[in-house]
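Participant: Shown below is the structure under consideration.
Every number here is computed from the coordinates shown, using simple stated rules; none is lab data. Keep in mind that this is a model prediction, so the values were computed, not measured. FYI the Cβ positions are ideal-geometry reconstructions off the backbone, even for glycines, and counts take in every protein chain you see.
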Amino acid sequence: MDSQKIKLIITLALIPLMVLLFMKNLSSGKKKRRKPAAKAAQAAVSPETKSAAVSGILPEPAVTTSEELSAQAQRAALDWGRNPFARAAQEKKYTHATLELRGVSVSREKGAYAYINDEIVTVGDIIAEYEVCEIEKNRVKLERRGESFYLVLPEE
């Protein structure tokens, strides 16, 4: 069979299926009558509240005393520590032995970048208290308090 005959057979098989689905949706599409929003809101109101609203007597709003306000001010002034909703700044501690140079990218236009311990750094950045001083093709010079050393790309 050629592709046009196959397409025709598939189309003819799908048309009755689509008609059946359309008819089913029409028959089940009878909408149930719903209460209007105003009537639903009235039904949800308790009889006591309805009678109080009708007679004009509504519950009094809560009154805050000066003692409560001063207690709130004192609680607001307390130091609660760090904000539980803010992300904690995770300071990574590295030792000399845990720093690993994983990659280097040197470009005239964009400058030089190094990939050290899952962090991308450039000259002047600080990683594990070491400042990145130089980035060369296959090594990076780090310095801290007069102490400097090179991280070298591993041989592959």
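Participant: To the nearest 0.05, how large is the calculated FRET efficiency for residue 67 and residue 98 if R₀ is 35 Å and r is the Cβ-Cβ distance?
Facilitator: Numbers: r = 56 Å, r/R0 = 1.61.
Calculated transfer efficiency: 0.05.
Participant: Which FRET efficiency value, to the nearest 0.05, is calculated for residue 78 and residue 106 with the Förster distance at 41 angstrom and r the Cβ-Cβ distance?
Facilitator: Numbers: r = 52 Å, r/R0 = 1.28.
Efficiency computed from Cβ-Cβ geometry: 0.20.
Participant: By per-residue mean of other Cβ atoms within 10 Å, what is the highest-first order of 143-151, 126-134?
Facilitator: Sorting 143-151, 126-134 by mean packing, highest first, produces 126-134, 143-151.
Participant: Considering amide H positions built from the backbone, and no H for Pro or chain starts, which residues 5 or more places from residue 100, or on another chain, come under 5 Å of its amide H?
Facilitator: Sorted by chain and number, the residues that satisfy this are 117.
Participant: Right, next: Can you give the charge dipole size of the range 98-156 about its Cα centre, rounded to the nearest 20 debye, using +1 on the beta carbon of Lys and Arg and -1 on the beta carbon of Asp and Glu?
Facilitator: On the way: 8 positive and 13 negative charges, 41 e Å.
Dipole size: approximately 200 debye.
Participant: Spin-label point model (7 Å from Cα, Cβ direction): what's the residue 1 to residue 20 distance in nm?
Facilitator: According to this spin-label approximation, the distance is 1.9 nm.
Participant: State whether the range 96-152 is rounded, prolate or oblate according to the following rule on the C-alpha gyration tensor (a ≥ b ≥ c being the square roots of its eigenvalues): a/c under 1.5 gives rounded; otherwise a/b larger than b/c gives prolate, and the remaining case gives oblate. If you can, show how the numbers build up before the last one.
Facilitator: Values: a/c = 1.77, a/b = 1.45, b/c = 1.21.
Prolate, since a/c reaches 1.5 and a/b exceeds b/c.
Participant: Show me 7-20, 105-118 ranked by packing, highest mean number of other Cβ atoms within 10 Å first.
Facilitator: Values: 7-20: 9.7, 105-118: 13.4.
The packing order, highest mean first, is 105-118, 7-20.
Participant: Could I ask something else about it? Can you give the relative contact order of the range 96-152 as a percent, counting alpha carbon pairs under 8 Å and 6+ residues apart? Show your work: numbers first, answer last.
Facilitator: On the way: 104 pairs, mean separation 14.7, N = 57.
Relative contact order here is 26 percent.
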